[in-house]
Amino acid sequence: MHKVYFGADHAGFALKERLRAYVHERGHEVEDFGAAELDPDDDYPDFVKLVASRVAHEAGAYGIVIGGSGQGEAMCANRTPGVRAAVFYGPQNIREEREIEGGASVDAYEPVRLAREHNNANVLSIGSRFVTPEDAEHAVRVFLETDFSNGPRHKRRLQMF
């Protein structure tokens, strides 16, 4: 099981509360860096920086940050050396099992899986305005259950960061 840090602003507050309980129920150790209450005037960097700092300094720790789009949260987290944050937008943005060039299909959670397998992502940023709670739970499960491949080319690329 993993140590999982959470952070969200007002736009991600309700989803954070649900995901925090979901992750805890799955047996992971959870720590919440806020927001502790719904405040429409809060600022996501206050919470994301705390999550990013802990993830960067604790081997094997993960972070889940949630905001309206997830983009600002990922950008903020990625400013912390050692953090590799990926954004999840949900199935409506990558149609589940849609066909792509060459006849292959891609499921909506593949970007989350690949972020872990190929990039050793340690923070998942979720755009709460673009996902259902169920989609977010599924993405979190994929994120926490997918291991880094440790493939030579992926390790080499991470060393280039």
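If you go through the range 70-94 one residue at a time, how many are under 20 Å from ALA14 (Cα atoms), modelled with pLDDT of 95 or more and in a loop (DSSP other than H, G, I, E, B)?
1
Residues being part of a helix (DSSP H, G or I) and not charged (D, E, K, R): count how many of those fall in the range 27-57.
Number of matching residues: 11.
Tally time: how many residues in the range 23-81 are without any contact (Cβ under 8 Å) to a residue 40 or more places away in the chain, open to solvent by 60 Å² or more (accessible area, probe 1.4 Å) and among the hydrophobic types (A, V, I, L, M, F, W, C)?
The total comes to 4.
Which pairs turn up if I take residues in the range 6-21 that are in contact (Cβ under 8 Å) with a residue 12 or more places away in the chain and over 18 Å from ALA52 (Cβ atoms) and look for partners that are open to solvent by 30 Å² or more (accessible area, probe 1.4 Å) and among the acidic types (Asp, Glu) with beta carbon separation below 6 Å, at least 6 apart in sequence or on another chain?
HIS10/ASP39
The values are calculated or read from the model by the stated rules, or taken from the named source; none is laboratory data. Since we're looking at a predicted model, the values are computed, not measured. Methodologically, a virtual Cβ is constructed for each residue, glycine included, from the backbone with ideal geometry; neighbour enumeration extends over all protein chains shown. Accessible surface areas use protein heavy atoms only, side chains included; no ligands, DNA or RNA. Shrake-Rupley method; radii C 1.70, N 1.55, O 1.52, S 1.80 Å.
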